[in-house]
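The values are calculated or read from the model by the stated rules, or taken from the named source; none is laboratory data. Here the structure is a predicted model, which is why all the values come from computation and not from measurement. Positions of Cβ are backbone-derived with ideal geometry, glycine not excepted, and every protein chain shown enters the neighbour counts.
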Amino acid sequence: MTDKINSWNETTWVSPSNIALIKYWGKHGEQLPNNPSLSLTLKNSVTKTQLRYRKLEKPVSDSEDLKVAYWFDGKRNEAFERKVIIYLGRLHTEMPYLQNYELEFRSANTFPHSTGIASSASSMSAIALCLVDMEQQLGLRKPPTQDVFRRASFLARLGSGSACRSVYGGWVTWGEDGLLPESSDRYASPLEQTVPEQWQNLRDAILIVNSDRKKVSSSAGHGLMSNHPFAEGRYRQARKHLNCMMLALQNSDEKTFIEVVENEALTLHSLLMTSSEDGLLLQPDSINIINAVRAFREKTGLMVCFTLDAGPNVHLLYLEEDKETVQQFIQEELLSFCENNQWIDDQVGEGPYKVEN
Ligand code: PMV
């Protein structure tokens, strides 16, 4: 690979968002989680990011002065650019050579910008994958192939905790736990436990109740956990839920799966609501959807359940084999609770990939 001054090189990655079944909420140190989490990597909600880089004639002397431009949907996005510069500054010990380069990111999401869907997991993981590929192209670091993703996960974590899980497809864990021999607080790993076949490609209907940007930023939310009276109990509960989920996977136990997933979602919101006035993020239509999903499950006996991110939108999880029935239910009974009838039809995906020229 040429590394001449003035010649541009590039790498482009597509990286997905993920939805946590066992939530990461509360952190310490350098974005280290206070409990293990488990997520599903999505297929259709993705960010595509191109990184172009070229060597500077004269390196910048400080990581605050890094030469970075960030374009989103064809327009320069200075607010996100500042975040990226802070993030890259944080990578200084890992990637000191970034000061020798001019970096241009061009990024776009597949999911509509106006849906309030958090894009930090897909955007930060896409940036991290581009950076790891850049150092590979330049021969600055040569990890064996499997370590490329581990390193990308490690770097993505420093941008947004949940982003570290997006570098792998399928079911992914992050955070040390005795039940997960390969687990680490520093990077995510694909779940080792075998997942029942019908659960491997679960579908996720993201029901858009409100597309406004959320009031609580996740860093503020994580911060509020440090003085939360329920914090220690919550971290114990997350480990217990992980244990129950591992048993549910072994036994294809739908009931336990549903109980854990819904309890995790409501626990996250209980913590949010009791952390600050801005933490009441659920809206009447979020509750209407939850009630309708529970009534539909009761009536049909199908494996359907809801989960939530730190916002009012509801993720409805269901099996591929029930797609027709569930999508009819969405059309007939849930869309009236969605803003402008909006929903995103998604499912578990295979993880990020590099776009070859
Ligand atoms: O990655 P962050 O710092 O945006 O935190 C995300 C936390 C949740 O999305 C609420 C839960 C999770 O585990 O993804």
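Of the residues contained in the stretch 254-266, none is found to be on the phi > 0 side of the Ramachandran plot and without any contact (Cβ under 8 Å) to a residue 40 or more places away in the chain.
With respect to (1) within 16 Å of the ligand (Cβ to nearest atom); (2) in contact with a Leu (Cβ under 8 Å, 6 or more places away or on another chain), the lone exception for Glu176 is condition (2). Here the helices (runs of 4 or more DSSP H) wholly within the stretch 197-258 that include at least 1 residues being among the small types (Gly, Ala, Ser) and within 20 Å of the chain's Cα centre (by Cα) are 218-224, 231-251. Any residue in the stretch 18-39 that is away from the ligand (no atom under 16 Å from the Cβ), aliphatic (A, V, I, L, M) and assigned to a strand (DSSP E or B)? No, the stretch 18-39 contains no residue that is away from the ligand (no atom under 16 Å from the Cβ), aliphatic (A, V, I, L, M) and assigned to a strand (DSSP E or B).
Here is the figure for the stretch 1-17: residues that are at pLDDT 95 or above and either within 16 Å of the ligand (Cβ to nearest atom) or basic (Lys, Arg) (or both) total 3.
Applying the selection to the stretch 343-356, what residues are surrounded by fewer than 17 Cβ atoms within 10 Å (Cβ to Cβ) and in contact (Cβ under 8 Å) with a residue 60 or more places away in the chain?
Looking only at the stretch 343-356, we keep the residues that are surrounded by fewer than 17 Cβ atoms within 10 Å (Cβ to Cβ), and these are 345, 350, 353-356.
Of everything in the stretch 343-356, those that are surrounded by fewer than 17 Cβ atoms within 10 Å (Cβ to Cβ) and in contact (Cβ under 8 Å) with a residue 60 or more places away in the chain turn out to be Asp345, Glu350, Tyr353, Lys354, Val355.
Considering (1) part of a helix (DSSP H, G or I); (2) buried (at least 19 other Cβ atoms within 10 Å of the Cβ); (3) within 16 Å of the ligand (Cβ to nearest atom), say which one Leu281 fails and leave the rest. Every condition holds for Leu281 apart from (1).
Could you tell me whether any residue of the stretch 71-80 is within 21 Å of Ser125 (Cβ to Cβ), within 16 Å of the ligand (Cβ to nearest atom) and touching a strand residue (DSSP E or B) at 6+ places or on another chain (Cβ under 6 Å)? Checked against the condition, which is being within 21 Å of Ser125 (Cβ to Cβ), within 16 Å of the ligand (Cβ to nearest atom) and touching a strand residue (DSSP E or B) at 6+ places or on another chain (Cβ under 6 Å), the stretch 71-80 yields at least one hit.
Considering every residue within the stretch 305-317, establish whether at least one is free of Cβ contacts under 8 Å to residues at least 60 places away in the same chain, of a type in the set (A, V, I, L, M) and buried (at least 16 other Cβ atoms within 10 Å of the Cβ). Looking through the stretch 305-317, at least one residue is free of Cβ contacts under 8 Å to residues at least 60 places away in the same chain, of a type in the set (A, V, I, L, M) and buried (at least 16 other Cβ atoms within 10 Å of the Cβ).
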